[in-house]
Every structure is written in structure tokens, then in C-alpha cells.
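Working notes, structure below.
Where a number appears in this text, it was derived from the coordinates with a stated rule and is not lab data. Keep in mind that what you see is a predicted model, and the values were worked out from it rather than measured. Quick reminder, even Gly has a Cβ in these numbers, built from the backbone with ideal geometry, and neighbours come from all protein chains shown.
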Amino acid sequence: MKLSKRLGLTTALIAGMAIAAPAMAEVKVGMITTLSGGGAGLGIDTRDGFQLALKQAGDKAKDIELLIEDDQQKPDVAVQIADKMIQSDNVDVLTGIVWSNLAMAVVPAAVGQGKFYLSTNAAPSALAGKGCNPNYFSVSYQNDNLHEAAGAYANDAGFKKVFIMAPNYPAGKDSLAGFKRYYKGDIASEVYTQVGQTDYAGEIAQIRASGADAVFFFLPGGMGIAFMKQYAGSGVETPVIGPAFSFSQDVLPAVGEAALGVKNTSNWSKDIDNPANKAFVEAFQADYNRLPSIYAAYGYDTANLLLSALEKAQPSDAEAFRAALKEASFDSVRGKFSFGPNNHPIQDLYVREVIDENGTLTNKIIATAMTDHGDAYAAECKM
């Protein structure tokens, strides 16, 4: 599926015929994201958050042409789209990939060809350390971050023996590495599941037999929905902890009451008290008739970062545009936001609890887990 939008352009239609042709855009942005399959909700929210920021920008976004294509959560498809966007569409900036295995397939080649990549989500450790690049900016986090906060929370909560589980792909490996980096107790078992897995009977049996006093899991999108439903029906009462991805707004309606009371860690929540976040949540609900997820928040921040940089420089002046991105002079929905030396965020991380708010499952912040937190790989980045 392909969607090409010329923002700020009015096209007249008479008898089904377009009589106004769009002018050439000054800046082309290629968004590769997941719009079909089990991970579609993540990509849809990414897209919608990004587009909302462009819409709100009005004339400031009039010279941006946004090309959006569905990667189908397949690395080979993402590579084909990126190649076309770079070689045929001649995009200036790429963005939007949700999954780290797709990012690893696309980003190194894209920045190697001089293109800028602004990550709305995926931020694998391989791109934060030795594989960092001046044209690659992660606006979301570094993959380990939210899981590091979960490890710190597990200590504070007094859990002594935790069963940990994640999908077997780069973000899954980063997640468990991040949890273990800060968790001081024992690991009951470390399990890697298949990407896209929907049956967790075997893993739940392992949890039951493990003697763990808590379960930490990272299963984004449909994987987390399937696990939590099966876990709730299994009779196993071991408490679960997760990162925000496992209890994001896009999955909570499907998970249902099984999520109530679960603690999860995040760098964003709809109740962060700052003007930019309040305006974002209100506008997203008004435009899309649903609460925004963390993926929508990242998409929104990424677009606003891009807009702030374009006020100062064009991608054609790579050095100036890079410096403008590095300044991060936009109002983040997260409040405090800056880039570290490897172009990954320095930000606060929170503990949230799933609650029922007037009949809608959502999250509220109950504690701050880490303040002004960077990542473990910045020292390895030489640029």
C-alpha cells in the first residue's frame, strides 16, 4: 500500500477530474512502517502521530511531501521500499520503522548513501554503539532503556527471582540485556520466543514450574495480546512486569481486564503534565477518536523534531541540517528531551500502572524510575 500526501496543497476536483497539479515538494520524507498484519496497530499509530504534527504545523509543513508505504513487518519488503524511495523517489529523510530487524536491514545502507534516518521506534544497540552514524537519530529511546527501568523497578518492588521472556530478534535481545543490566536478583529462566508467536502454552508451563516470584516480558503488538489472554486464563498468579510496549494504548482494549494493575515502564504517558503533551493527547483524540499510544507519541515527536530542524536548514546542507536536528529545539510530549553523543535520547523513565479510567483501560504514572537517563552504548560510538 502506498500513500503520497502533499501537505498544504488544495486540489480541486470537478466531475472526478483533478484540475490542479501539485508542485514539487522541497523536502521528501519516506515513511516505511507496518500497516498490515499482527503489528499493524503500531505502525498505524506511528503514522497517525506523525501526520497529526504535520497537520498542526500548517504552512510550516507545506513544503514537505510525505510518502508512506507498508513494510508488512518483513525485512526484505522494507529493503525494497527503502531502495525505491532512495533511488527513484529521491527522498531526503527516512523514518517510521517499528521493528529492529527491519531497521537493521534498512538503516545502515540508507545512511551510508547520505540519507537521514529519524527513528520513531526501533533503536537496536548495534546502531547506538560502534554502528552509530551522524545521520541516524533515534527519537524514541535506545532499545534497552525501558527494560532497564523495569529491572530497576523489580529491585524496588522486592522481587528476588524473575522469569524473563522476549522474542528472538534484536529488540528482544536488547530488552533482556537491559533488564539484567539493572536487576540485582536471580533470573529464574531466560526464554526467547518466535517473532509473531501466538501460542504461549509452553512458556506459561515453564513459568508455572520456575519458582519465579515475578515475570518480566517484552512482547509488542499481537504477541503481547495473545500472551496476556492465555496467561490470565492459565491460573498462574505470578505477577507480571513489562515495558510500555506490552501495555500500550493500542493493545489494552484487546488484552482487557487481565492487564489491570500491571506495572510497566515508559518514557511517555498520556498524563505527563506539560502543555505539549496535553495538546497532543487532546488533538489525537479529536482527530482519530481514540487515545494515543506510545507509538503515536513517538511519531508526533519525530515530526516536530523534523519541523524544528527544517526551520534552520535543509537536508541538502547536511552539516547544518544535522546540527539543527542535534539541537532538538522542539517541545517534546515527554517534557525534557535532548540527544546524547550517539544521537539517542537522554530522558526520564517512569513506572506506570494499568487502570480503568471511566470505562477505558489506560495507564497512569505512579513513580519515576530513572532521571536524565542515556544508554549503555554511547561510549562505544565514535563520530
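Could you compute the net charge surrounding N342? Neighbours are other residues with a C-beta less than 14 Å from the C-beta of N342; K and R count +1, D and E count -1. Neighbour charge sum, excluding N342 itself: +1.
What is the sum of charges, Lys and Arg at +1 and Asp and Glu at -1, for the other residues whose Cβ falls under 11 Å from the Cβ of E257? Intermediate values should be presented prior to the final figure.
Numbers: positive: K229; negative: D356.
Net local charge, E257 excluded: 0.
Here the chain is assigned +1 on the Cβ of each Lys and Arg and -1 on the Cβ of each Asp and Glu. Its dipole about the Cα centre then comes out at about 260 debye. Can you compute log10 of I(q)/I(0) for the range 48-185 with the Debye formula, treating each Cα as one identical point scatterer, at q = 0.09, 0.10, 0.16 Å⁻¹? Scattering profile of the range 48-185, log10 relative to I(0): -0.34, -0.41, -0.88.
Cβ-to-Cβ counts within 10 Å put W99, W268 in ascending order as W99, W268, the fewest first. Sorting S338, S246 by the number of Cβ atoms found within 10 Å of their own Cβ, with the fewest placed first, yields S338, S246. The HN-Hα couplings worked out from phi for the range 236-247 by the Karplus form 6.51 cos²θ - 1.76 cosθ + 1.60 (θ = phi - 60°) are 6, 10, 4, x, 10, 10, x, x, 4, 4, 7, 9 Hz, whole numbers, x standing for Gly and Pro. When the Gaussian network model of the chain links Cα atoms closer than 10 Å, the mean-square fluctuations of A303, A152, A276 top out at A276.
Rounded, prolate or oblate: pick one for the range 85-125, where a ≥ b ≥ c are the square roots of the eigenvalues of its C-alpha gyration tensor, a/c under 1.5 means rounded, and failing that, prolate if a/b is larger than b/c, else oblate.
Working: a/c = 2.07, a/b = 1.76, b/c = 1.18.
Prolate, since a/c reaches 1.5 and a/b exceeds b/c.
Net charge of the neighbourhood of T302, taken over other residues with C-beta under 14 Å away and scored Lys/Arg +1, Asp/Glu -1, is -2. Among (1) 81, 44, 41; (2) 67, 51, 40; (3) 56, 50, 39, which is the computed Cα extents along the principal axes in Å? Given (1) 81, 44, 41; (2) 67, 51, 40; (3) 56, 50, 39, the calculated one carries the label (2).
Comparing K28, K180, K160 in a Gaussian network model of the chain where C-alpha atoms under 10 Å apart are linked, the largest mean-square fluctuation is found at K160.
For the chain, the share of DSSP beta bridges that are antiparallel, to the nearest 5, is 45%.
Taking the Cα centre as origin and putting +1 on Lys and Arg beta-carbons and -1 on Asp and Glu beta-carbons, what dipole magnitude results for the range 200-276, to the nearest 20 debye? Working shown, then result.
Values: 4 positive and 7 negative charges, 28 e Å.
Computed about the Cα centre, the dipole is about 140 debye.
Oblate is the label for the range 257-383, because the ratio a/c of its alpha-carbon gyration tensor axes (a ≥ b ≥ c) is 1.5 or higher and a/b is not greater than b/c. Find the centroid of the Cα atoms in the range 334-351 and in the range 203-253, then give the distance between the two in whole Å. The two parts, judged by their Cα centres, are 27 Å apart. In order along the range 222-229, the phi-based Karplus estimate (6.51 cos²θ - 1.76 cosθ + 1.60, θ = phi - 60°) of 3J(HN,Hα) comes to x, 5, x, 4, 4, 4, 5, 5 Hz; Gly and Pro are listed as x.
Size descriptors for the range 295-353, from the alpha-carbon set: Rg then Dmax equal 12.5, 45 Å. If you run the Gaussian network model on the chain, springs between alpha carbon atoms under 10 Å, then out of A367, A110, A297 the most flexible one is A367. Each Lys and Arg Cβ is given +1 and each Asp and Glu Cβ -1; about its Cα centre, the range 117-180 then shows a dipole of about 200 debye.
Ordering E190, E69 from the fewest to the most neighbouring beta carbons within 10 Å gives E190, E69. Derived scalar couplings between HN and Hα for the range 37-49 equal x, x, x, 4, x, 5, x, 4, 5, 4, 4, 5, x Hz in order, rounded to whole Hz, by the Karplus curve 6.51 cos²θ - 1.76 cosθ + 1.60 (θ = phi - 60°), x for Gly and Pro. With only the Cα atoms considered, the range 111-217 has a convex hull volume of 106 Å³ per residue.
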